[in-house]
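The values are calculated or read from the model by the stated rules, or taken from the named source; none is laboratory data. Remember, predicted model here, so these are calculated numbers, not experimental data. Every residue, glycine as well, gets a Cβ built from its backbone with ideal geometry; the counts of neighbours run over all protein chains shown. Heads up: the accessible areas ignore ligands, DNA and RNA and are worked out on the full protein's heavy atoms, side chains in. Shrake-Rupley method; radii C 1.70, N 1.55, O 1.52, S 1.80 Å.
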Amino acid sequence: LIFSALGEYLRIFPYTFRSLTRPREHAHIQHNMSLVYTRNYVAMCLLLPFCLMADRYFLYTPSFAGVVPAGWSVTVPAAAIAAYLLLRRLLFAVFKPRRFTSELEEAYHFAVYNIFIMLATAMLLTVAAMLPFSPADMTVRTVLLSEIAVAFLLTCWNVMQILSLHCSVLGTFLYLCALELIPAGLLLYSELR
């Protein structure tokens with residue numbers, strides 16, 4: 001999947017990389033339909049390797065995962081990602097900031113896709129670099145979870161920057177709590193149960 005999407009990946013990589021430090025780059029990507037298609041295609045291609053790594057290194061192992069047959073365990077992280085994205089959408093529909101333009105709304109929704117591409121890339125490179133040394137699974141798991149935490153913090157920072165374009169400091173913080181911390185908290189809660 002990755003090699004089949006390599007051309008598209010190399011095309012979108014500079015834009016997604018710049019979006020890590022420039023939140024307005026998310027809106028720039030949304031303006032170009034070709035980039036949007038390419039970004040979505042690459043993100044979908046990286047979803048399977050991400051879920052395989054999450055399953056292999058037990059990055060998301062809620063208690064209900066025990067009832068899933070062993071051959072289908074890779075669907076558990078995929079379902080968690082789908083639930084997280086759906087909950088983000090629902091919370092945004094309920095708590096949508098006033099005076100939020102459609103451009104900023106799209107930038108908000110798809111910022112997580114851009115950061116996911118960079119996260120999956122970093123995780124693949126990390127696993128590839130560590131495998132020759134045969135590290136313990138717990139070591140790889142800790143490193144990968146650290147990368148996921150950094151990616152989540154980057155997502156929060158980018159969303160905060162997008163929200164601050166039309167919200168006060170207090171409003172930005174409250175929206176950030178409602179729109180990002182609640183879905184992430186529920187995902188973490190389901191993992192710890």
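Details
- Applying the criterion of being part of a helix (DSSP H, G or I) and aromatic (Phe, Trp, Tyr) to the residues of segment 24-62, the residue that is surrounded by the most Cβ atoms within 10 Å (Cβ to Cβ) is Phe50.
- Arg11 being open to solvent by 60 Å² or more (accessible area, probe 1.4 Å), closer than 28 Å to Leu165 by Cβ, modelled with pLDDT of 90 or more and in contact with a helix residue (DSSP H, G or I) (Cβ under 6 Å, 6 or more places away or on another chain): yes
- Looking only at segment 75-98, and only at residues there that are in a loop (DSSP other than H, G, I, E, B) and farther than 21 Å from His28 by Cβ, the one that is most open to solvent (accessible area, probe 1.4 Å): Arg98
- Here segment 63-74 is the region considered, the condition is being open to solvent by less than 60 Å² (accessible area, probe 1.4 Å) and in a loop (DSSP other than H, G, I, E, B), and the residue that is farthest from Met138 (Cα to Cα) is Val68.
- Failed item in (1) part of a helix (DSSP H, G or I); (2) over 20 Å from Leu1 (Cβ atoms); (3) β-branched (Val, Ile, Thr), with Thr21 passing the rest: (1)
- Neighbours by Cβ (under 9 Å, 6+ apart or cross-chain): first from segment 68-82, under 18 Å from Leu187 (Cα atoms); second in a loop (DSSP other than H, G, I, E, B) and of a type in the set (A, V, I, L, M, F, W, C): Thr75/Val68; Val76/Val68; Pro77/Leu59
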